[in-house]
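Asks: To start, I am sharing the structure in question, which I have written as structure tokens.
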Amino acid sequence: MINRQERDRRLNVEDEKKLKKDILPFFQTMSVSRITTADIEDYIDTISAERRLSPSTLSKHLVVIRKVLNEALKRNFISNIPPIPTKSPRDNPRPYFDADEYKHLYEVARKISKEGIKVRYVPLTTEIYDFIVFHTNVFVRPSDLKLLKHKHIRVVKEKAEYLLITPPKSKTTMRQSATMRGAVRIYERLKKRHEANGYGNPDDYVFFPEYENREYALQTIRRQFDYIVMRAGLKFDSFGNARTIYSLRHTSLMFRLLNARNIDIFMLARNALTSVNQLERFYLSHAESRMKIENLQQFGE
């Protein structure tokens, strides 16, 4: 499936981690033909007792177990697959920044970027401010942004002004994603600054291009972002959920749901490289609550 480009290699890497770290050590003394539903339930109970895993993560472990059993069935090692227990994921609201919180966030980021401080020995500059504003105007994941190079971005200035982004290794698909207008100004300013420092070529990374190790680049972004949200007093939302750099993506989606007129949910999902189901489960219900409150406050003329 990887060779046919039907599956991203990273999904298999994640499956292999679960298999080697948890699943195989538990089932290694059992014959695959003798594994029962009760054995799988014992596995879930055991791993839940050892680590506090979310229902969503436990469901991913069950998916890997099912894949192994399906492969055993195809190879005639077993004649049937035992019923797999289910774990319903709990849909928690995605932590995001409302309009006032977002304004406060970027104002604090702009102020701190001029203070000449370092976070874990790395200078905190306008780079992280640009990342915050840029990310809130695009819809792709931070894991895609860390790998983003200038050759993956096309500036479009026609009827509307936007960036057309083709994430190099998207988690789920290879579709393109269009940004909001605000991303264009940030990107052009960022590229101009990088060009002055010897970067900005098509194969250079868009953010923190001096770091070839992109995991370290993402860690740097996370640490600086965490420092800023702590200074801004915005680390936790009203539900007690901790905000991370993913909250910027959630903010961009919530802003569209709350502020766009007659938003096409299907097109928003495609542009965010996600599914309508994900939008409905984690974003739309909360946006609708806000919309209902606004409608409640309206008076007829």
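Results for (1) of a type in the set (A, V, I, L, M); (2) in contact with a helix residue (DSSP H, G or I) (Cβ under 9 Å, 6 or more places away or on another chain); (3) free of Cβ contacts under 8 Å to residues at least 40 places away in the same chain, shown as yes or no for each residue.
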{"site": "Glu115", "(1), (2), (3)": "no, no, yes"}
{"site": "Arg120", "(1), (2), (3)": "no, yes, no"}
{"site": "Pro123", "(1), (2), (3)": "no, no, yes"}
{"site": "Phe131", "(1), (2), (3)": "no, yes, no"}
{"site": "Asn137", "(1), (2), (3)": "no, yes, no"}
{"site": "Val140", "(1), (2), (3)": "yes, yes, no"}
{"site": "Val155", "(1), (2), (3)": "yes, yes, yes"}
{"site": "Glu158", "(1), (2), (3)": "no, no, yes"}
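Asks: State all residues of the range 43-62 that are free of Cβ contacts under 8 Å to residues at least 12 places away in the same chain and either within 13 Å of Lys18 (Cα to Cα) or surrounded by 12 or more Cβ atoms within 10 Å (Cβ to Cβ) (or both); if no residue qualifies, say none. Reasoning before the result, please.
Replies: Step one: of the range 43-62, the residues free of Cβ contacts under 8 Å to residues at least 12 places away in the same chain are 45, 48-53, 57.
Residues satisfying the conditions are Ser48, Leu53, Thr57.
Asks: Can you go through Phe266, Phe239 and tell me which one is of a type in the set (A, V, I, L, M, F, W, C), more than 30 Å from Ser113 (Cα to Cα) and loosely packed, with under 15 Cβ neighbours inside 10 Å?
Replies: Numbers: Phe239 fails: more than 30 Å from Ser113 (Cα to Cα).
Every option except Phe266 fails the conditions.
Asks: Please note which helices (runs of 4 or more DSSP H) are completely contained in the range 109-205 and include at least 2 residues that are of a type in the set (S, T, N, Q) and closer than 20 Å to Ile228 by Cα.
Replies: none
Asks: Based on what the data block shows, is Tyr121 among the aromatic types (Phe, Trp, Tyr) and surrounded by fewer than 17 Cβ atoms within 10 Å (Cβ to Cβ)?
Replies: Yes, satisfied.
Asks: Let me ask another. So for the range 63-79 (the condition being within 23 Å of Tyr246 (Cα to Cα) and in a helix (DSSP H, G or I)), does at least one residue qualify?
Replies: First pass over the range 63-79, keeping only residues within 23 Å of Tyr246 (Cα to Cα): none.
The answer is no, given that none of the residues of the range 63-79 is within 23 Å of Tyr246 (Cα to Cα) and in a helix (DSSP H, G or I).
Asks: Can you tell me how many residues in the range 18-38 are more than 23 Å from Asn76 (Cα to Cα), surrounded by 12 or more Cβ atoms within 10 Å (Cβ to Cβ) and not acidic (Asp, Glu)?
Replies: Going through the range 18-38 one residue at a time, the tally reaches 1.
Asks: Are any of the residues in the range 117-134 over 20 Å from Ala232 (Cα atoms), assigned by TED's automatic domain parsing to the domain that holds Ala260 and touching a Ser or Thr at 6+ places or on another chain (Cβ under 7 Å)?
Replies: Of the range 117-134, the ones over 20 Å from Ala232 (Cα atoms) are 121.
Checking which are assigned by TED's automatic domain parsing to the domain that holds Ala260 leaves us with 121.
Checking which are touching a Ser or Thr at 6+ places or on another chain (Cβ under 7 Å) leaves us with none.
No, the range 117-134 contains no residue that is over 20 Å from Ala232 (Cα atoms), assigned by TED's automatic domain parsing to the domain that holds Ala260 and touching a Ser or Thr at 6+ places or on another chain (Cβ under 7 Å).
Asks: Here is a further query. What do you reckon, is His104 assigned to a helix (DSSP H, G or I), assigned by TED's automatic domain parsing to the domain that holds Thr244 and surrounded by 13 or more Cβ atoms within 10 Å (Cβ to Cβ)? Break it down stepwise before answering.
Replies: On the way: assigned to a helix (DSSP H, G or I): yes; assigned by TED's automatic domain parsing to the domain that holds Thr244: yes; surrounded by 13 or more Cβ atoms within 10 Å (Cβ to Cβ): yes.
Answer is yes for this residue.
Asks: Let me ask you something else. Being modelled with pLDDT of 85 or more and not in a helix (DSSP H, G or I) is the filter; apply it to the range 243-263 and report the residue that is surrounded by the fewest Cβ atoms within 10 Å (Cβ to Cβ).
Replies: Filtering the range 243-263 for residues that are modelled with pLDDT of 85 or more and not in a helix (DSSP H, G or I), the one surrounded by the fewest Cβ atoms within 10 Å (Cβ to Cβ) comes out as Thr244.
Asks: When you scan the range 245-265, how many residues do you find that are free of Cβ contacts under 8 Å to residues at least 12 places away in the same chain and either in contact with a helix residue (DSSP H, G or I) (Cβ under 6 Å, 6 or more places away or on another chain) or β-branched (Val, Ile, Thr) (or both)? Talk me through it step by step, then tell me what you get.
Replies: At the first step, the residues of the range 245-265 found to be free of Cβ contacts under 8 Å to residues at least 12 places away in the same chain are 259-264.
Checking which are either in contact with a helix residue (DSSP H, G or I) (Cβ under 6 Å, 6 or more places away or on another chain) or β-branched (Val, Ile, Thr) (or both) leaves us with 263.
Going through the range 245-265 one residue at a time, the tally reaches 1.
The values are calculated or read from the model by the stated rules, or taken from the named source; none is laboratory data. Note that this is a predicted model, so its numbers are computed, not measured. Cβ: placed from backbone, ideal geometry, glycine included. Neighbour counts: every protein chain shown.
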